[in-house]
Each structure stands twice: as structure tokens, then as C-alpha cells.
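Novice: Questions regarding the structure given below will be posed in turn.
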Amino acid sequence: MTPAVPSAGTVPLYGPDFAADPHGVYARLRQYGPVAPVEISPGVPAHLVTDYRAALDLLRDPGTWSKDPRVWQETLPPDCPVLPMMQWRPNALFNDGEAHTRYRRVISDSFARIEPHLLRERVIGAADSLIRLFAERGSVDLVTEYTRPLPLLLFNALFGLPDAYGARLVSALSKMMEARSPEEATEGGGEFYGYVSELVALKLEQRGDDLTSWFLDHPEGQSPEEVLQQVFLTLGAGNEPTANLISNALSRMLSDQRYYHTLTGGALTARDAIEDVLRSEPPLANYSAHFPRHDVRFHGTWIKANELVMVSYSAANTGPDGLPPGPRTDGGAHLAWAAGPHACPVKNPALLIAVTAVERLTSFLSDLELTVPREELAWRPGPFHRALTGLPARFSPITPDQAGATPWNSSPSSSTPQAPTSPVRPLSSAR
Ligand code: HEM
């Protein structure tokens, strides 16, 4: 289909057409120049930056662009479906300047206390506990049974709760994500709030070696309410993109000969598949909501103060001024983690989690293959995430009593939090 300049109005980023072919839509949007008019939900317009240079100019200029949505969100009805992703909260994402620095420091310092080898062990523990549930079956939906629950089990442990709570977190967030009715979404939201509130209350009574306790005791001195908001943000910001990064990488590895051979000693690695996804199919495809502090002419478009402007990392990476296509191993500067003061503060741990999750799965199930061609996989509609609805696969079953390493006999530890003696960096060295 030849892209045509849309005659009037805006291009929707919701609904099945965008989910089926986002790059076709980005090609249409480029006809407008570096900034295009889109709708992120019916009746909710936004300016979308699709050009790499323009994206960097925006992300690196906090003097012109604010992250505070409070004036803009007043224009939306209270039940607008994008509000959960966009509305102001007292956390790092929606604040500028000193407030932002303070909130962000708590998150960055606390993650810096987790030793990479311990994080890896925890990922392996969570991965093995999930693989054990389907390994004897010979078939699996990798999204619902592996990539989506894995970060939740892991975060449950990192925030300091026993594995039993992990199931609660998985159930609450699944209800929110898969909600078949507004009531189910509300129920899931309530369960998620209950989980985080209980977590903070427990840690207020008794600290441990975990992220929640480190948030509470951080020298920046956050109130329990602020800690609650930071835990919400970290779980929300961390879980969904990490799950999708793992799913999208697996879908590539299992459908591309170059990666397929890797499973049995080929040229490209899990890390290559992940870098490839970060460039061409970033799990957070469009976000970085910003609002100009005053009317501004930006790369040829007039934008009024407090109008919503978003960055398409996916379009910017893949446009004519973006990055060359295909897997690269040189760590070139794609925008999947954004850039500037609000760039993802947990990039390295997130990469370690994704690489370990892919490697662990494929090391036990080395003949894993998709049961439907990649082109026929379905993607969840929505303007923000590039997310598969499912990833059905099959493999030769493995059993607990078979010879060699299995997920039953080779986990370094469970995903349950370690005893308080586990080695962590003291806060003073984490800056
Ligand atoms: C361990 C998992 C992760 C955690 C805990 C995490 C946490 C966060 C936090 C707290 C922020 C807000 C930072 C700020 O405003 O200063 C953020 C921003 C961001 N993260 Fe991550 N993240 C994780 C994984 C990922 C992954 C896998 C991706 C995608 C590849 C990603 C992409 C981004 C992007 C693009 C932003 C900027 C969003 C914006 O400014 O609107 N993150 N992340």
C-alpha cells in the first residue's frame, strides 16, 4: 500500500490497525515531517515525534519541555483509559527539577545495591520455577506462562516478599491487563493497590535487605506515601516493558534461522536478539510524555503550552535518520531507553534480566520452536507497548529424573529473598 498524506485530522495509535502494522503507520506519519498529529485514545490528541534528531532535541531540553501533566490532564474525562499511564503522581516520572532528581536518586541508588551476580541468581530462580511448571508438557504459551510472570516473581522477591505473594501480584496485574470488563480492571487495580500497601506496611514494621526497605531508609528521606508511589512506579515501569522485551526477543530468535542455529551453537546470541528488538521493535514503543512550558515552534510545528507531545522511540530508531536495520553488537544509541534526564534508570539490570531469562529457557529447551509463524502472531492494541498476546511454542519434554542439568536440580536458589546477611553494596558506595 502506498502511504498517502492523511487528508485531515489525526492518525489513531489505538485499535487493531496500528497493532497489526505499526511501521506502516509510522511511514504514514513521517509524511507530516518530524512531528505528526495522532490520537492516543478516541478524542485524546497528541503530537508524536517520529524523527531521531527531533526526539533527542526534545528529550535533552528540560528547559522547554516539562514532564508535569497536571494542566493537560484537566482536559480529559476522569475515566479516560490513558490516565493510568499518564496522570500526575508524586514520583520520578511526572516531576521536573529537584523533585525529579530526589525521587530518581532513591530508585537508582537502591537498584545499584543489587549485585549483578545475585540479580542473575534471582532471575534464574524465578525462571526455573516457571519452567518446571510446563517442562514435562512439551508445549507452552511463553507469554502467559513465562515472560509475563517472570519479572513479577522477580520483583516480588526484590521488593522483599516471599514467593507466595508473587502469585497475588501476577493475579492482580493479569486482571488489570487482560480485563474483560471495567469491573475486572477495577478489581485488579484494587488488588494491586492492596499488594503494594501491604508490602510497604510490612516493611515499615520490619526492614529487610530489599528494595522497599532501601527506599524507606534512603537518605533523601521519603515519606511512606512517597515510597508507596515509588514502588508503584517501579513495578509499573519495570514489569511490562521487561516482559515484552523478553517475548519480542524470543519471538525473533525462534523464527530467524540465524538465531535458531544459536541455540545449538550458531553465530548470534540472546543479547543480539535483545539489541535487535531494542532497535526495531522497542517494548515501550511510544511514550516520554512531555508538555511545552510555553508556545513553541518545534521542528516546523507550532505546539501550544501544555499540549501533549510524545516520542516514538520505535519510529525514531527506524526512520531514515535513525539507525541501520539488523542486529548489531556495538551497543549503538537507539532510543529504546529514552534519553536525557528521564532515560530509564534501570537499563543495565533490565538487560541482565532479559538476557538471563532468554538464555535460561533456551538452555533447557534447546529444540524450542514456535507453533505459528511469527507473521501470524497477534499483538495487543494500544499506543504505548509493543506486546504480543501470546507466543505458543513446543519442545521435547524434560522430566525431573532425567540425567544432566534440569530446572529441578540446578537452580542456584529460590526466588525467595535471601537471609539478611546477603552481600549488598552499602548506600554510601551506590552513588
Ligand atoms: C528492571 C526493569 C525496569 C525498571 C525497574 C524500570 C524503571 C524505570 C523508571 C523508574 C523510569 C522513570 C525514570 C524517570 O522518570 O526519571 C523509567 C523510564 C523509562 N524506562 Fe524503564 N524500567 C525497567 C525496564 C525498562 C525496559 C525493559 C525498557 C524498554 C526497553 C524501559 C524503557 C524506559 C523508558 C523509555 C523510560 C522513559 C519513560 C518516559 O520518560 O516517559 N525500561 N524506567
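The values are calculated or read from the model by the stated rules, or taken from the named source; none is laboratory data. Only a predicted model underlies this, so the values are computations on that prediction, with no experimental measurement involved. Here the Cβ is made from the backbone with ideal geometry for all residues, glycine too, and neighbour counts use every protein chain on show. Just the protein is used for accessible areas: all its heavy atoms, side chains included, with ligands, DNA and RNA removed. Shrake-Rupley method; radii C 1.70, N 1.55, O 1.52, S 1.80 Å.
Novice: Being out of contact with any Leu (no Cβ under 9 Å at 6 or more places or on another chain), within 22 Å of Arg122 (Cα to Cα) and of a type outside the set (A, V, I, L, M) is true for just one of Ser223, Ser171. Which residue is that?
Specialist: On the way: Ser223 fails: within 22 Å of Arg122 (Cα to Cα).
Result: Ser171 is the single residue among Ser223, Ser171 that is out of contact with any Leu (no Cβ under 9 Å at 6 or more places or on another chain), within 22 Å of Arg122 (Cα to Cα) and of a type outside the set (A, V, I, L, M).
Novice: Does any residue in segment 267-280 that is among the basic types (Lys, Arg) come within less than 9 Å, Cβ to Cβ, of a residue that is surrounded by fewer than 20 Cβ atoms within 10 Å (Cβ to Cβ) and assigned to a helix (DSSP H, G or I) six or more places away or on a different chain, and which pairs are these?
Specialist: Matching pairs, first to second residue: Arg271/Leu351; Arg271/Glu359.
Novice: Moving on to the next point. If you check Gly33, Gly63, which single one turns out to be assigned to a loop (DSSP other than H, G, I, E, B), on the phi > 0 side of the Ramachandran plot and more than 14 Å from the ligand (Cβ to nearest atom)? Can you show your working first?
Specialist: Working: Gly63 fails: on the phi > 0 side of the Ramachandran plot.
Unique residue meeting the criteria: Gly33.
Novice: Can you find a residue in segment 116-126 that is under 23 Å from Pro45 (Cβ atoms), surrounded by fewer than 19 Cβ atoms within 10 Å (Cβ to Cβ) and within 13 Å of the ligand (Cβ to nearest atom)?
Specialist: The answer is no; no qualifying residue exists.
Novice: Inspect segment 395-403 for any residue being under 29 Å from Leu118 (Cβ atoms), assigned to a loop (DSSP other than H, G, I, E, B), at pLDDT below 90 and open to solvent by less than 60 Å² (accessible area, probe 1.4 Å) and give the result as yes or no.
Specialist: no
Novice: Looking at Leu152, Leu158, can you tell me which residue is at pLDDT below 95 and closer than 27 Å to His342 by Cα?
Specialist: Leu152
Novice: Among strands (runs of 3 or more DSSP E) lying entirely in segment 280-322, which contain 3 or more residues that are within 14 Å of the ligand (Cβ to nearest atom) and over 16 Å from the mean Cα position of the chain (by Cα)?
Specialist: By residue number, no strands (runs of 3 or more DSSP E) qualify.
Novice: Going through Ala338, Ala333 one at a time, which residue ends up being in a loop (DSSP other than H, G, I, E, B), of a type in the set (A, V, I, L, M, F, W, C) and at pLDDT 95 or above?
Specialist: None of the others qualify; the one that does is Ala338.
Novice: Considering segment 207-233 alone, what residues qualify as being part of a helix (DSSP H, G or I), open to solvent by less than 10 Å² (accessible area, probe 1.4 Å) and not hydrophobic (A, V, I, L, M, F, W, C)?
Specialist: Residues of segment 207-233 part of a helix (DSSP H, G or I): 211-217, 224-233.
The next check asks that each one be open to solvent by less than 10 Å² (accessible area, probe 1.4 Å); those that pass are 211-213, 215, 227, 230-231.
Residues satisfying the conditions are Thr212, Ser213, Gln230.
Novice: Search segment 127-175 for residues being over 15 Å from Pro407 (Cα atoms) and among the β-branched types (Val, Ile, Thr), and hand back the single one that is surrounded by the most Cβ atoms within 10 Å (Cβ to Cβ).
Specialist: Going through the qualifying residues, I end up with Thr147.
Novice: Working only within segment 69-96, note down all residues that are surrounded by fewer than 19 Cβ atoms within 10 Å (Cβ to Cβ) and within 12 Å of the ligand (Cβ to nearest atom).
Specialist: Met85, Arg89, Asp96
Novice: Follow-up question, since we're still on this one. Output yes when any residue across segment 346-368 is out of contact with any Asp or Glu (no Cβ under 7 Å at 6 or more places or on another chain), modelled with pLDDT of 90 or more, within 16 Å of the ligand (Cβ to nearest atom) and part of a loop (DSSP other than H, G, I, E, B), and no when none is.
Specialist: Checking segment 346-368: at least one residue is out of contact with any Asp or Glu (no Cβ under 7 Å at 6 or more places or on another chain), modelled with pLDDT of 90 or more, within 16 Å of the ligand (Cβ to nearest atom) and part of a loop (DSSP other than H, G, I, E, B).
Novice: Does Thr186 fit the bill of being open to solvent by 40 Å² or more (accessible area, probe 1.4 Å) and under 25 Å from Lys347 (Cα atoms)?
Specialist: Taking the combined requirement at face value, the residue does not satisfy it.
Novice: Same structure again: Which count do you get for residues in segment 372-394 that are closer than 16 Å to Tyr146 by Cβ and open to solvent by less than 60 Å² (accessible area, probe 1.4 Å)?
Specialist: Going through segment 372-394 one residue at a time, the tally reaches 7.
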